[in-house]
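In what follows, a structure is listed as structure tokens, so that the remarks can point back to it.
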Amino acid sequence: MAAIISGTGLALSPAARLLLALPKALAIGAFLFSLLGLMIASFTDAGGGASLALYHDLLNSHATRLAIWRTLWVATMVTLICLVTAYPLATFIARSRHRDLMLILVISPWLTSLVIRTFGWVVLLGNRGVINQILMGIGLTSEPIQIIFTPFALVLGLAHVLLPFMVISILSVMMQIDRRLTEAGMSLGAGPVETFFRVTLPLSAPGALSGCALVYLISAGAIVTPLLLGGLRDRVIGTQIFQEIFALYDFPRAAALALILVVTSLIAITPIQIAEAWLRGRISRI
Amino acid sequence: MTESALTVRGVSKSFGRVQALRGVSLDIGHGEFVSFLGPSGCGKTTLLRIIAGFETPNAGEVLIGGKPITHLPAFRRPVGIVFQNLALFPHLSVASNVGFGLAVRREAAAVAKRKIEDVLALVELQGFGDRRVHQLSGGQRQRVALARALIMQPDVLLLDEPLSALDLKLRRQLQGELKRLQRRTGTTFVFVTHDQEEALAMSDRVAVFRNGQIDQVGAPEAVYRNPATRFVAEFVGETNIIELQRQDGRAVLANLGGITMPAAQEVPMTGLVSLRPENVVLLPADDPSGVAAKVADLEFGGMTLRLLAEIPGCVQPIRAAMPAERAPAGLAVGAPVRLGFDLASAAILPGAA
Amino acid sequence: MTGMALRLGLWRTLNVTLLLVLPLPLVIVAIVSFSPDRFLSFPPTGFSLVWYREFLTSPDWMRVFGISAAIAAVAALVSCTFAVLAALALDAAPARLRGICETLILAPLIFPHAALGIALYGMMNGIDLLDGTFLGICVAHVILAGPFAYRPISVALGKLEPAMAEAAMNLGATRQETFLRVTLPLLRPGMVSALLFTFILSFDEVTVTLFLVSPQITTLPIEIFHHVEQSTDPVVAAIATFLVLAAVLLVIILQRTVGLQLFFSAESDEKPGGGAA
């Protein structure tokens, strides 16, 4: 009997492995095939030959460039807001005696669809929403204030919807930090704040970075929240793609936009993931 | 210097319904090496953490150099600590680990650098500054943890079972190094361990903990030769606990053929006697003063020979130990022996059987 | 000392406030859902369960609910099965090959959903079997859920100790018996975790699914989205509150049974700083 090297005790031949991997391979194949479809559709011109005409068109269009810029801006703002808000919150939860109760509060909304959480903001910020009704009710204003369908509403709504992702990302790493390390810091004279910056922050940074990548990606690729809170006038790439298909029936244009979105997102995320990998590498696995 | 380096006064601590410490008091002098010895759950680590400031006592106070520190937060106490699992910072190099406390104090870089080099030399890790923690062996990590605490020149250095994860040879080696280090720096050491050999070997004084209280504090020899309670007698080294009985107006070792305790000793009429195995000797077969017994078990431990002997009519087996070199020939399980008891070295214990 | 106590109090207040403000939009939706008014009015004029009744007795809503649940169940089971098979195939495989395969398996994670949606739409458009059908949405969800099924299972597999399998074989079990009696039971927590995550992921999915629904087959979140977009139907408030309460219940049950750890360990199982000696 061959030496057992794996925990399962199974000794699988390469043929068996190939067979087992087949279903998953098919799924991945379908995924890659769909991406290929995007590339084929967007890199051909009306005559059927390969061409960059579509991209040329799009990238020269003022509306598209504005949408791209807006997408980057929204995604970055949301990521920063989530980062700054989630770090203190995660630190607070990690050390709290009522940690489980707080976690229930953070995790429950996370398990519901983002359309539901976005709906909450629609109810709050709409022209006939709760805030406006209160303001008009107390008489502070006679006309509803335009809060919804502004960049502010979109960023606020997205940040709120995605905050649990960031909190959980940071907490995942923070909860694994040995408690003795903060005690060691204190025994060497570092107060609570100093210990946080010298010990907890460096060790939880990989989790925060992974959270940033996640939040950025979801923000950049969002459609539902931008439609409900941002409106159709100020478009992001997601809503633009949606329009191209469902209003204009222009698949190649939508495909090109999608690939632009993919590339810009990858450019934004790659430095974050490299930084995260580098940080994880520097932290010794004792 | 009249005030002690560390004073613990009436410290009690409970966790929920569990009483971890019951009114513990202790004085430790400057430059002393004191061990807290006891089984798990006896409260020694809890007391250490209270001294360090990671737990607050329910009652009592802690003073360092005569000054109360009970209400000081951990990061303001002049106390250093080496943790059981070392707690070295995985994201920092060896030099940064060691210099952490100095960086917190905003010490000038040049000064800090020199101090780090000096203390690394002290623990014989010169040149290791740039290494990362995972590149070090267990013994090397120990020394980094020590260096990190010592560089702060604490009034008291606490060590929480720092050697328990190491193998025997390495442990012995580091025990010696720790002792030398302590002598050289003159720092007051408080060393928590469950290994009584370790405690006896390294300490100026040993405090034996049982169930949240200190049963006895004293120099290793005193604790070993004159245990104050049955627990101390049994925990520190091995011993035979024998009941004393009244017989014809004299105190007699129960069930051992009526051997009487020497009158010279202040012996209560009833009670317990602790007799160490090395004080049970094997007498020649024809010696009438001995007690007849049969070997029930033999253990060869390199330097020492241990044996368990059964005395006919006696429920309790007797342990004997002697240098293996001097053991008589022909000893085997079942062999007859004659036991002699060096009662002058016995300790009288309070309490009934 | 009081300076520190002040800062501590401020820290606590800030965080507790944030925690209480977080569920505010959903709390307001809940309040609105109990109002009998036709238009989302605040404060509500009364207390009524009319909208809940409408949701739970409406054949249309219940049908959509059922479709969502069915798709989620299928997607969870299929993606987890695929993931277990793939994880077994890659277990103890040569490191470089494994690295490449795992990168491919996790690849969907780095693609924005808007792009994934249009890509999958493009692939399935025109294929009758998949275009706007139950099967088509299931296929898409299996692709989306893939990485989320693979990660917990591969982590669980990695934590298996060879000593367990060796002990079983030493006691007479064949490789297959060992796998069935020892390996699978040990993998159970990871598999349950994977099933849970993928089910929830599929049930809640909206951005990609937006491109794949048809008049005949649509999911609950998509229907909610359409209703919110087009009207101010208060039924949506009731549906939303219903789903939120279901989520809260689920989390509480999880907390009391297996603990909330499963939400946190899929990231990395390496401890910075080392555990206790």
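The values are calculated or read from the model by the stated rules, or taken from the named source; none is laboratory data. What you see is a predicted model; the values in this text were computed from it and never measured. We place every Cβ from the backbone using ideal geometry, glycine too, and count neighbours over all the protein chains shown.
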Mind listing whichever residues of the stretch A:90-130 are crowded, with 23+ Cβ neighbours inside 10 Å and closer than 22 Å to A:Pro202 by Cα? A:Ala90, A:Ile93
Can you tell me which residues in the stretch A:227-247 are more than 7 Å from chain C (Cβ to nearest Cβ) and over 21 Å from the mean Cα position of the chain (by Cα)? A:Leu232, A:Arg233, A:Gln243, A:Glu244, A:Phe246, A:Ala247
Identify, from the list B:Ala103, B:Ala20, B:Ala95, B:Ala59, the residue that is in contact with a Ser or Thr (Cβ under 6 Å, 6 or more places away or on another chain) and surrounded by fewer than 21 Cβ atoms within 10 Å (Cβ to Cβ). B:Ala59
In this structure, does C:Thr183 turn out to be facing chain A (nearest Cβ under 8 Å), part of a loop (DSSP other than H, G, I, E, B), crowded, with 19+ Cβ neighbours inside 10 Å and among the β-branched types (Val, Ile, Thr)? no
Residue check, A:Ala67 of a type in the set (A, V, I, L, M), outside any loop (DSSP other than H, G, I, E, B) and within 10 Å of chain C (Cβ to nearest Cβ): no
Of all residues being out of contact with any Ser or Thr (no Cβ under 6 Å at 6 or more places or on another chain) and within 15 Å of A:Gly221 (Cβ to Cβ) in the stretch C:118-139, which is surrounded by the fewest Cβ atoms within 10 Å (Cβ to Cβ)? Just the residue, please. C:Tyr121
Residue in the stretch A:243-250 that is within 30 Å of A:Leu125 (Cβ to Cβ) and surrounded by 20 or more Cβ atoms within 10 Å (Cβ to Cβ) present: yes
Looking at the stretch A:104-141, which of its residues are over 20 Å from the mean Cα position of the chain (by Cα) and touching a residue at least 60 places away in the same chain (Cβ under 8 Å)? A:Val122, A:Leu125
Would you mind finding the one in B:Val291, B:Val252, B:Val280, B:Val337 that is more than 24 Å from the chain's Cα centre (by Cα), over 21 Å from B:Phe231 (Cα atoms), modelled with pLDDT of 85 or more and surrounded by 13 or more Cβ atoms within 10 Å (Cβ to Cβ)? B:Val337
Sort out which residues of the stretch A:253-275 are at the interface with chain C (Cβ under 7 Å from one of its Cβ atoms) and either more than 15 Å from A:Leu58 (Cβ to Cβ) or among the hydroxyl-bearing types (Ser, Thr, Tyr) (or both), and write them in order of number. A:Ser265, A:Leu266, A:Ile269
Selection status of A:Asp250, touching a residue at least 12 places away in the same chain (Cβ under 8 Å), more than 9 Å from every other protein chain (Cβ to nearest Cβ) and among the acidic types (Asp, Glu): no
Would it be correct to say that B:Arg77 is out of contact with any Asp or Glu (no Cβ under 6 Å at 6 or more places or on another chain), at the interface with chain A (Cβ under 10 Å from one of its Cβ atoms), surrounded by 15 or more Cβ atoms within 10 Å (Cβ to Cβ) and without any contact (Cβ under 8 Å) to a residue 40 or more places away in the chain? yes
I need the full set of residues from the stretch A:72-121 which are facing chain C (nearest Cβ under 7 Å), under 14 Å from A:Ile218 (Cα atoms) and part of a helix (DSSP H, G or I), in order please. A:Leu114, A:Val115
Of the numbered conditions (1) buried (at least 19 other Cβ atoms within 10 Å of the Cβ); (2) out of contact with any Phe, Trp or Tyr (no Cβ under 8 Å at 6 or more places or on another chain); (3) over 30 Å from C:Leu260 (Cβ atoms), C:Glu223 fails exactly one; give the number of that condition. (2)
How many residues of the stretch B:44-100 are charged (D, E, K, R), in contact with a Gly (Cβ under 6 Å, 6 or more places away or on another chain) and part of a helix (DSSP H, G or I)? The answer is 1
Name, by its number, the condition in (1) crowded, with 21+ Cβ neighbours inside 10 Å; (2) over 30 Å from C:Ala115 (Cα atoms); (3) facing chain C (nearest Cβ under 7 Å) that does not hold for A:Gln176. (1)
For the stretch A:7-22, state whether one or more residues are more than 7 Å from every other protein chain (Cβ to nearest Cβ), over 30 Å from A:Ser169 (Cβ atoms) and touching a strand residue (DSSP E or B) at 6+ places or on another chain (Cβ under 8 Å). no
